[in-house]
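The values are calculated or read from the model by the stated rules, or taken from the named source; none is laboratory data. No experiment lies behind these values; they were computed from the predicted model shown. Heads up, the Cβs are rebuilt from the backbone with ideal geometry, glycines too, and the neighbour counts pull from every protein chain shown. SASA here: full protein model, heavy atoms, side chains in, ligands and nucleic acids out. Shrake-Rupley method; radii C 1.70, N 1.55, O 1.52, S 1.80 Å.
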Amino acid sequence: MSGSDVRRAVAHCVDTLTGVPADQWQGRAGSLEWTCWETLEHLADDLLTYALRFGLAQPMDVPRVPLRVSRDRPQGPANVIFGDKEAGPEGLLTVVTACGGLLATAVDTAAPTALAPHVFGAADPEGFAAMGVVETLVHTHDIAQGVHRACEPPHDLSERALARLFPDVPLTGTPWSTLLWATGRLETPERPRRTDWRWYGAPRGAG
């Protein structure tokens, strides 16, 4: 996966959530404990911090970029970036678009063999692009549930992100429904909801 996939995922997010009234953003985002606003801030934070890893000449030498992390409330997400509430939801969508663009540029300009640390293990630029896509698709889904919007991302994005990050998950149903199951957001009679999951961002064939 590449930067163009990240940009497409972010465009799907913006298309899905543009025009949601401001008073709906403080409701809970799907099954998360965060509000819809907090979840979109968290998404922007993910995209930015993934991009920052490839701003370093030797990403693996630094476990994390040491930015100050804070929360707006004890149960909210711990972020390094927050939207200006006076700019409203459209302003926060602009922040997400900018952060997604930074990640897209970072993964496309990094050496393909470069590695950067992640809590699930070191990953290459393609792996981080796939992570950005998954974060964007599933958090857009979370928010869409909270604001009662339909959310159906491009078929190929779900399919390729699933193949890249979840090689242990067999395709059952559609790629999108399988990705939702893989990330603990869906259950079926045959497959109970996952309460513990991870992805695999390491280069294919590594280890």
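Summary of computed values
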quantity: Any chance Thr113 is open to solvent by 10 Å² or more (accessible area, probe 1.4 Å), within 17 Å of Gly3 (Cα to Cα), part of a loop (DSSP other than H, G, I, E, B) and out of contact with any strand residue (DSSP E or B) (no Cβ under 6 Å at 6 or more places or on another chain); calculated: yes
quantity: Residue that is nearest to the chain's Cα centre (by Cα) [pool: residues in the stretch 83-96 that are hydrophobic (A, V, I, L, M, F, W, C) and surrounded by 15 or more Cβ atoms within 10 Å (Cβ to Cβ)]; calculated: Val96
quantity: Criterion violated by Glu135 - all others in (1) under 19 Å from Leu186 (Cβ atoms); (2) in a helix (DSSP H, G or I); (3) open to solvent by less than 10 Å² (accessible area, probe 1.4 Å) satisfied; calculated: (3)
quantity: Tally of residues being open to solvent by less than 10 Å² (accessible area, probe 1.4 Å) and either touching a residue at least 40 places away in the same chain (Cβ under 8 Å) or assigned to a helix (DSSP H, G or I) (or both) across the stretch 163-174; calculated: 1
quantity: Residue that is surrounded by 16 or more Cβ atoms within 10 Å (Cβ to Cβ) and either over 28 Å from Pro153 (Cβ atoms) or at pLDDT 95 or above (or both), where the choices are Gly76, Gly55, Gly27; calculated: Gly76
quantity: Residue, most open to solvent (accessible area, probe 1.4 Å), within the stretch 58-73, restricted to residues that are more than 19 Å from Gly121 (Cβ to Cβ) and of a type in the set (D, E, K, R); calculated: Arg68
quantity: Sole residue being open to solvent by 20 Å² or more (accessible area, probe 1.4 Å) and either free of Cβ contacts under 8 Å to residues at least 60 places away in the same chain or touching a Gly at 6+ places or on another chain (Cβ under 6 Å) (or both), chosen from His141, His155; calculated: His155
quantity: Complete set of residues in the stretch 97-114 that are under 17 Å from the mean Cα position of the chain (by Cα) and either closer than 27 Å to Pro203 by Cβ or modelled with pLDDT under 95 (or both); calculated: Cys99, Gly100, Gly101, Leu102, Leu103, Ala104, Thr105, Ala106, Val107
quantity: Candidates Glu159, Glu190, filtered to the one that is in a helix (DSSP H, G or I), over 14 Å from the mean Cα position of the chain (by Cα) and more than 27 Å from Gln24 (Cα to Cα); calculated: Glu159
quantity: Residue identified as under 22 Å from Leu157 (Cα atoms), of a type outside the set (S, T, N, Q) and open to solvent by 40 Å² or more (accessible area, probe 1.4 Å) among Ala22, Ala11; calculated: Ala11
quantity: Boolean, Ala106 is hydrophobic (A, V, I, L, M, F, W, C), in contact (Cβ under 8 Å) with a residue 40 or more places away in the chain and surrounded by 22 or more Cβ atoms within 10 Å (Cβ to Cβ); calculated: yes
quantity: Any chance Asp84 is more than 17 Å from Ser2 (Cα to Cα) and not hydroxyl-bearing (Ser, Thr, Tyr); calculated: yes
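Conditions tested, residue by residue: (1) farther than 23 Å from Trp199 by Cβ; (2) of a type in the set (S, T, N, Q).
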{"position": "Tyr50", "(1), (2)": "no, no"}
{"position": "Val62", "(1), (2)": "no, no"}
{"position": "Gln75", "(1), (2)": "yes, yes"}
{"position": "Lys85", "(1), (2)": "yes, no"}
{"position": "Ala104", "(1), (2)": "no, no"}
{"position": "Ala110", "(1), (2)": "no, no"}
